[in-house]
1. Which order do 63, 80, 85 take when ranked by solvent-accessible area (1.4 Å probe, heavy atoms of all protein chains), largest first?
2. How much of residue 138 can a 1.4 Å solvent probe reach, expressed as accessible area in Å² and rounded to 10?
3. Go ahead and collect, in residue order, the members of the stretch 65-107 whose backbone nitrogen is under 18 Å from a label point 7 Å along the Cα-Cβ direction of residue 126.
4. Can you work out the FRET efficiency for the pair residue 25 and residue 142, with r the C-beta to C-beta distance and R0 = 30 Å, to the nearest 0.05?
5. Along the Cα→Cβ direction, 7 angstrom out, place labels at residue 45 and residue 85. What is the inter-label distance in nm?
6. Largest first, what is the accessible-area ranking of 147, 40 with a 1.4 Å probe?
7. Just how much of residue 129 is accessible, in Å², when a 1.4 Å probe is used and the result is rounded to the nearest 10?
8. Could you please put 142, 65 in sequence from largest to smallest accessible area, using a 1.4 Å probe?
Amino acid sequence: MTTTAVRELRAAPHRGGEVLNERFRVAPRQGENPPRAEDTSRVGIMRRIAAARLKYCGLEALHEDVMLIVSELLTNAVLHSGTTHISLIITVEDESLRIAVGDGMPGCAAPRHVDGDAESGRGLALVEYLVQENGGTWGTSDAGATTWCRLNVPTREGP
């Protein structure tokens, strides 16, 4: 198969199935101590993996929004869950991209109202905004152990 043929195969967005399914270990946080550097660096690693998979699957149009959503959901799991394993699963189902971050720890993720001086607390509000802008939905499942969102997959324009 020629390079041009491979590019043409990838030009049409992936329309069904798994895009990414990764699970990684983290150390549970101890009290108010910050997470370990190697655990927080996983967020960037997972962003790069997700970006590569989106490109490979022809879903570059969603790149910026997905990168921010992946960052926010993974960071929340690292900072707030107290878990030892975090998963990131991205799939395409029914013309929508589903992003799910699971930490196995029940709880309710909800956007917080923060003042202008707050240094954190805006992540889920950003996720909610991006999801709405893309005509999608978001929520939690498994008693809050998984936070997920759906974004509409843009239709391909032109030849």
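1. On the way: 63 70, 80 135, 85 50 Å².
Ranked list, largest accessible area first: 80, 63, 85.
2. In the full protein context, residue 138 sits at about 50 Å².
3. 65-81, 99-101
4. Details: r = 19 Å, r/R0 = 0.64.
That pair, residue 25 with residue 142, gives E of 0.95.
5. 1.6
6. Ranked from most to least accessible, the order is 40, 147.
7. Only protein atoms counted, so the area is about 120 Å².
8. 142, 65
The values are calculated or read from the model by the stated rules, or taken from the named source; none is laboratory data. It should be emphasised that the depicted structure is a prediction, and the values quoted were computed from it without experimental measurement. Virtual Cβ from ideal backbone geometry, glycine too; neighbours counted across all protein chains shown. Each accessible area value is taken on the protein alone, full model and side chains, heavy atoms only, with ligands, DNA and RNA left out. Shrake-Rupley method; radii C 1.70, N 1.55, O 1.52, S 1.80 Å.
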